[in-house]
Structure formats: structure tokens, C-alpha cells
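S.K.: I have a structure I would like to understand better, so I am pasting it below and will then ask my questions one at a time.
The values are calculated or read from the model by the stated rules, or taken from the named source; none is laboratory data. Model, not experiment: these values are computed from the prediction. Backbone-built Cβ (ideal geometry, glycine too); neighbour counts: all protein chains shown. For the accessible areas, the whole protein counts, side chains as well, though only heavy atoms, and no ligand, DNA or RNA atoms are used. Shrake-Rupley method; radii C 1.70, N 1.55, O 1.52, S 1.80 Å.
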Amino acid sequence: AADPTSVLRGAREVLINEAAFLQGMDEIVSLYESEGPSRVERLRLVERVLLGLTLAVLLLEGAFVFRPAARRIREAFAALRRTSVELQLAKDAAEAADRAKSQFLANLSHELRTPLHAVLGSAELLRHTTSPSDRDDRLNVIEDSGQMLLLLLNDLLDLSKIEAGKLELHPRTFGLHAFA
């Protein structure tokens, strides 16, 4: 604990120097009052400068980062639109090819049935025919119709080979007048 006499001595000195102490405190307060507004104004200026620098950095970031990114995004969307159009065109072409193939198969079915009916009908008639000349006529119809079926099937197989890229050509000479 502190010595009571020294505490009293210190208090006495404060009371004796109270006027000088209070005058010194008044000077410090006056100094703060006179310098305070200029310091506040300097802090506001620093705040404005920092705000300006922040805005400048954001503008530069927008110019050098976001603008190129936005351009790349627009380019990507344009590429997607082009791809979408190309896919739609490819889809339309595939659907047209499918319709053409369906039409071809319908025509082929008709072309195959015609000689097949001739073969089957002539064979049925041949079964009930007694005259040799009628029999020869029926056999000729069956043979011609069978040959027609064979030609159609060979043509169909050739088309399949063409589609698969496996058709082999065998060049040979022939007389053009033979087909006239």
C-alpha cells in the first residue's frame, strides 16, 4: 500500500499546480478544436480518393475482364445457334431420306409381288393344264417371271452394296448395238 503522507503530498502538489494543469488542458483542447476540422476534411479527402480509386479499378476490371468474357459468351451463343440450325438441317435431311427409303421399299415390294404372283398363278394353272402347248406357255411365264424376280433381287443387293460401299465393278467390253 502507498504511504499516506506521500499520497497527501501528491494531492497537495496537484492542488497547487491546478491552475497550470487546467490551463495546459485548455490549450490541448483548443489545439484539438482548431486542428479537428482540418483533420476531418483530410480524412474525407482520403475517403473520396479511395472511393475514386475503387471505381477506377472496377471500371478497368470491367474493361479488361468482363467485356472480353461477355464477348466470348456471345460468341459461344452464336456458335450454339449455328449448331442448332445445322442440326435441324441434318434432321430434316434424315427425315427426307427416311421418307425416300420408305417410298423405295413400297415400290420395291410392288415390283417383287408382280412377277411372284405371275409365277404362283402360272404354277397353279400348270397343275390343271393338260395340253402340252398350254404347259409350255405356263412354263415360259414362270421362267420369265422368275428371271424378273432374280434381276430385281440382284438390283436390290447391288443397292445394298452401294450403300455399304462394297460394290465391286467388273469392266468388260460390250457392243452398244446389241442394246438397240
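S.K.: Along the charge dipole of region 14-88, which of Ala76, Leu45, Asn17 sits closest to the positive end, that is, farthest toward it, with unit charges on the beta carbon of Lys, Arg, Asp and Glu (+1, +1, -1, -1)?
M.R.: Going by the Cα projections, it comes out as Ala76.
S.K.: Normalised by the empirical 2.2 N^0.38 Å for globular proteins, what value does the Cα Rg of the chain take?
M.R.: Computed over Cα atoms of the chain, the ratio equals 3.45.
S.K.: With a 1.4 Å probe and all protein chains left in place, how much of the accessible area of the chain comes from carbon and sulfur atoms, in whole percent?
M.R.: The C+S portion of the solvent-accessible surface of the chain is 64 percent.
S.K.: Highest mean first, how do 116-124, 155-163 rank when packing is the count of other Cβ atoms within 10 Å averaged over residues?
M.R.: Highest-to-lowest ranking by the protection proxy: 116-124, 155-163.
S.K.: Moving on. Per q in 0.15, 0.21, 0.23, 0.24 1/Å, what log10 I(q)/I(0) does a Debye calculation on the alpha-carbon atoms of region 1-90 return?
M.R.: -0.85, -1.02, -1.07, -1.10
S.K.: Only helical DSSP H runs with n ≥ 4 go in: add -39500 (n - 2.57) per run for the chain, normalise by residue count and round the 222 nm mean residue ellipticity to 500 deg cm²/dmol.
M.R.: It comes out at -31000 deg cm²/dmol, rounded to the nearest 500.
S.K.: Right, another one. Hull surface divided by four, with the convex hull built on the Cα atoms of region 1-52: how many nm²?
M.R.: That works out to 6.2 nm².
S.K.: How much accessible area per residue does region 1-96 have, counting only protein heavy atoms and a probe of 1.4 Å, in square angstrom?
M.R.: Value for region 1-96: 90 Å² per residue.
S.K.: A further question on this structure: Apply the membrane-span-like helix rule to the chain: whole DSSP H runs, Cα extent along the own long axis of at least 24 Å, mean Kyte-Doolittle hydropathy at least 0.0. List the helices found.
M.R.: Span-like helices in the chain: 18-61.
S.K.: Once you have the Cα-Cα distance between Arg113 and Ala90, take 0.36 nm times their residue separation minus that, and quote the gain in nm to one decimal.
M.R.: Roughly 4.9 nm would be gained on extension.
S.K.: Treating only the Cβ atoms of Lys and Arg (+1) and Asp and Glu (-1) as charged, compute the dipole magnitude of the chain about its Cα centre; round to the nearest 20 debye. Spell out each step's value before the answer.
M.R.: Values: 22 positive and 26 negative charges, 55 e Å.
Dipole magnitude for the chain comes out near 260 debye.
S.K.: Follow-up. Highest GNM mean-square fluctuation, the chain, Cα pairs closer than 10 Å: which of Phe21, Phe77, Phe64?
M.R.: Taking springs between Cα atoms under 10 Å, the residue moving most is Phe21.
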